[in-house]
1. With the contact rule set at Cα under 8 Å and sequence spacing of 6 or more, what percent relative contact order holds for segment B:87-166?
2. Can you tell me the orientation of helix A:409-427 relative to chain A, as the angle in degrees between its alpha-carbon axis and the longest Cα principal axis, to the nearest 10?
3. When a footprinting reagent is the concern and you count Cβ atoms within 10 Å, what order do A:Arg432, B:Arg69, B:Arg21 take, fewest first?
4. Expressed in nm to one decimal, what extension gain is obtained for the pair A:Leu458 and A:Trp250 from 0.36 nm per residue of sequence separation less their Cα-Cα distance?
5. Taking only the alpha carbons of segment A:2-506, what extent do you get along each of the three principal axes, in Å, biggest first?
6. Given an 8 Å cut-off on Cα distances and at least 6 residues of separation, report the relative contact order of chain A as a percent.
7. For each of A:Tyr278, A:Tyr191, count neighbouring Cβ atoms within 10 Å of the residue's Cβ, then give the residues from fewest to most.
8. So, R0 is 45 Å and r is the distance between the beta-carbons of A:His408 and A:Leu138; what FRET efficiency does that work out to, to 0.05?
Amino acid sequence: MIEAALAAFFMVLEPTHLMFLCLGVFVGLAVGFLPGLGGIVGMALLLPVAFQLDPQTGIAMLIGVAAVITTSDTFPSVLMGIPGSAGSQATIIDGYAMAQKGQAARALSAAFIASMFGGVIGALALTLSLPIARPLVLSFATPELLMMSILGLCMIGVLSGDAPLKGLLVAGLGLLVGTIGAAEVAPAYRYDMGYDYLFDGLPLVVVSLGLFALPEFVDLLARGGAIAKRGAALGGGWLEGARDIVRHWWLVLRHSLMGVGVGMVPGLGSAIVDWMNYGYLVQTAKHRGELGRGDVRGVIAPESANNAKEGGALIPTLLFGVPGSAGMALLLSAFVVFGIQPGPRMLDTNLSLVFVIIWSLALANILGTIACLVFIRPIARLTTIPFSTMFPVIFLLVTVGAFQATRHVGDLIVLAAFGLLGWLMKRHGFPRAPLLIGFILSPLVERNLWITTQRYGLEWLERPGVITIGLLTVILVVVGSRRRKPIVRHEEFPETTETTEAPAEAGKERSHG
Amino acid sequence: MADTRDATIFPAFAGVPWGVRIFDLAVGGVIGLAIVGALDLPWAAKLFPISVGVATLFLWVLHVVTTWRGARASEAAFDATSESAEGWPAVRMWGWMLGYLVLLPILGFLPASVLFVAGFLKLEGRTSWLTVAVVGILALGLTGGLGLALNVHWPQGLLGDVVPWATTF
């Protein structure tokens, strides 16, 4: 294992590899500071480029995107009181309040450094999980993997937003959309309506861009140019932010580990990781001090956690082939395109790739933090450019990304159709992430179901692993369905009147997955 | 988080809006079509879509019953009233995006993109011609570069038959 880790380390440091990792980090930073655009959009944008590369480089680039979005999304949260992505909503409460007091620089530097440590701790947790999980994971056969997929789908359905029933319904729809095209286990085409375009099923990149990017564009544009007028001055206090991290090292460690834990549970992910950590901080803080009115601890806790969760989310993705979030589902599908089967066998056949991912995750977090600290002023200025000015550039890139999927006009039609569907789902309170995850898992579930029933008949239901995971699924679904209470109540922070947008935005971002 | 919902949603749900009903019915229709469309397939090919379809239909019925009765009313309209853009601005933005996606195969990449970028920045962004030029060059340069790198061949549109360069870089 150590040899594989060392080999992967030197592979990550190769110039080509490093260059594409930096490209991923750059795109991740750019997407992070654009309010409303999350990791899925960033990864979907780079998927076409990734598929042109070798698996190690392509996947490292995608990891680069996912790793740093939660670093740069702090800019709009602190400077404008608008969440840059789903993971930075709680940062607004204290971060924006600090900016109002002229301490934006201190809040940002504390957030960046906390993010870096969070990301590195996440990568470390992933590394440590390998020897522990290896024997367990390798004992899994197809029936257990099938049950894990079902558990993942149920959790994602139940935990996406406040509507568990809708989450499960949408996950079912995603499974159905995934059945379009050639059948997995029989020589037949399903729902092709006579169009050759549909023989291979719907392209993942187009579906994900349509579902997630287009609805955000419409809402951001229709909301107008308010973003540009609300930038706060950076002020000084960079070193103070670094000192805050040293002073509150325990918070960084504790919330990073909590972030890893949250990331590991499929479906929990980015939507609540920051609120959960912020809520825990508020409940456990001995001295509430300025919490809620501009306390640096309120920035450190969620920022450590939201970067660490990526390491956590990679654990079920890599080891069981069950994505921890919609972004991880995209990564999972990238594996499949590269011909790599995620799951237990990865630890045997692709251990070096696993370590490439771990090193890339750690390195991307460090690079992202350095970039944010070095280029803080120009990046802060970029956040004040109206979205309407940037939109044509981004939309053209999205169109290229979508059209290259099969180079067929059908790509453009599917992009528009799923864009409208995503927007309608958002309007009607349907979470979109379960649809994407169901879509991606559909062939996997069908194949595993077929192999399981053909090989084991009904006896697979009596396997101890299957029964255990089945019981765990039922328990988690029941507990998850009852989880209705908000983690942080807005009344706790009556003083932060400037941040009243946060809860409303939280709802919006929730469906990002 | 939940307070916005409490404050804004419940009053809106005295009755289920028609938009919600139509969307719900459309979702049900799609599930129904998926089940019916799989019936004629060979056994191995139809087993999975029909099983998933029936389970999803069951969830849909549960959803409709609870939502339309009002039990889950707050969730059904959560996104609808709190943040999603609606009305004329949203229609206009969809118009720009769909318009570009329609024009692309008809006019070819270059003319459609120039029209889209210049039109959007002038009419929606109300920017200066200088900004239009800078953003236009950036947009076309980045997209063209990416297109070249990925070896993308744009659809040969109506104009493309007459002026081949319009569809390619």
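1. 43 percent
2. Roughly 60 degrees, rounded to the nearest 10.
3. Neighbour counts put them in this order, fewest first: B:Arg69, B:Arg21, A:Arg432.
4. Using 0.36 nm per residue and subtracting the Cα-Cα distance, I get 69.8 nm.
5. 66, 49, 48
6. Once normalised by length, the contact order is 29 percent.
7. The order, fewest Cβ neighbours first, is A:Tyr191, A:Tyr278.
8. Numbers: r = 41 Å, r/R0 = 0.92.
That gives a FRET efficiency of 0.65.
Read-outs throughout are calculated quantities, based only on the coordinates presented, and are distinct from any laboratory measurement. Just so it is clear, the model here is predicted, and its values are computed rather than measured. Cβ atoms come from the backbone with ideal geometry, glycine included; neighbour counts cover every protein chain shown.
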